[in-house]
1. Once the piece of chain linking L110 and R65 is laid out straight, how much longer is it, given 0.36 nm per residue of separation minus the C-alpha distance between them?
2. If I stretch the segment between W98 and R121 completely, what's the gain in nm (0.36 nm per residue apart, minus their alpha carbon distance), one decimal?
3. Suppose every Lys and Arg Cβ carries +1 and every Asp and Glu Cβ carries -1, with no other charges. What dipole size does the stretch 198-288 come out with about its Cα centre, to the nearest 20 debye?
4. Tell me, what is the per residue accessible area of the stretch 128-281 in Å², probe radius 1.4 Å?
5. Per the Kirkwood treatment, what hydrodynamic radius in Å, one decimal, follows for the stretch 98-245 from the mean inverse distance over all distinct Cα pairs?
6. Using a 1.4 Å probe on the protein chains only, how many percent of the accessible area of the stretch 89-245 belongs to carbon and sulfur?
7. Where does each of 190-198, 138-146 land if you order them by average Cβ count within 10 Å, highest first?
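The values are calculated or read from the model by the stated rules, or taken from the named source; none is laboratory data. Since we're looking at a predicted model, the values are computed, not measured. We place every Cβ from the backbone using ideal geometry, glycine too, and count neighbours over all the protein chains shown. Areas reflect the complete protein model, heavy atoms only, side chains present, ligands, DNA and RNA absent. Shrake-Rupley method; radii C 1.70, N 1.55, O 1.52, S 1.80 Å.
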Amino acid sequence: LAPREGKNRPSALPSCSGSSCGMALAADGAMRATWQRVLFYSTLTALTSGLGALPLLWCRTIGPRNLALSNCAAAGMCLAAAVSLAMEGVQAPMADAWTRVGGGGVLGYLFIVATRAFLERNEGIKFQALAGPTAKKTLLLIVVMTAHSFAEGVGIGVSFNDRDVFGVYVSTALAIHNIPEGLAVALVLVPQGTSVGKAAAWAVLSSLPQPLMAIPAFLFVQMFGGLLPIGLGFAAAAMAHVACFELLPESRLEMSRAKGSELELFGVLGASFAAMLAVQLALHEASE
């Protein structure tokens, strides 16, 4: 979620006492968060990513068809997240928001091209028990998920600068948003043989930039507020690229091996895209 336009924030107090621990009182009497409170909520937000892997505890049969459907569902979620990120970026309270999102999108595309070129030059790359093209595709997804968490961390930090209650709301919304993103990571890893526990750990690891970026964004809001649309555009382009050029081609290949129908893939793609986008829009509407 893109935070509201920042206000002048008084100095956050690094210490706390009594029932107001983690809070500072502003000149206007409103409660403002301290960096400890921002760290707590942003860390909690990152940890919820691991919950997305839990549904796969009940998935025991892994074949080409299930692998194809998993990749397709992950692609639909990534595409919906990309649309949502771009929408949040262009709605930022600044005149050149579109330009910043577009510039971030170009940077995101170049980042993915450079990352793919690096992976292709290193044929021996392994990831968990995976090797070859499968390892590269999986690693690329983890890299993209991690990169887009930087922008979300900035969003958390800037939102706490507005007022504490809004920062708590944005953190909660992103925590909910992280669950299907964690599922998208697990849907790629678990069918390839990774345990659900390790998939959950990788999902959490990909969200760690959220607390890492939330603190500096909170302390230096004027600097990071202007960078947020760029980061959102970067993440949107990177996620869309991985969905269209990595996950979807892989799902079609696996479905052909299973001698299944591509109509089934389109159905899963549409359903996962619609479900993820509905969650994003509901969270956005609730923040208005």
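1. On the way: separation 45, 0.36 × 45 = 16.20 nm, distance 3.24 nm.
Working it through step by step, the gained length comes to 13.0 nm.
2. 4.8 nm
3. Details: 4 positive and 7 negative charges, 53 e Å.
Dipole size: approximately 260 debye.
4. Normalised by residue count, the accessible surface of the stretch 128-281 is 35 Å².
5. After inverting the pairwise mean of 1/r, the radius is 16.0 Å.
6. Working: 4330 of 5960 Å².
The value for the stretch 89-245 is 73 percent carbon and sulfur by accessible area.
7. Going by the mean number of other Cβ atoms within 10 Å, highest first, we get 138-146, 190-198.
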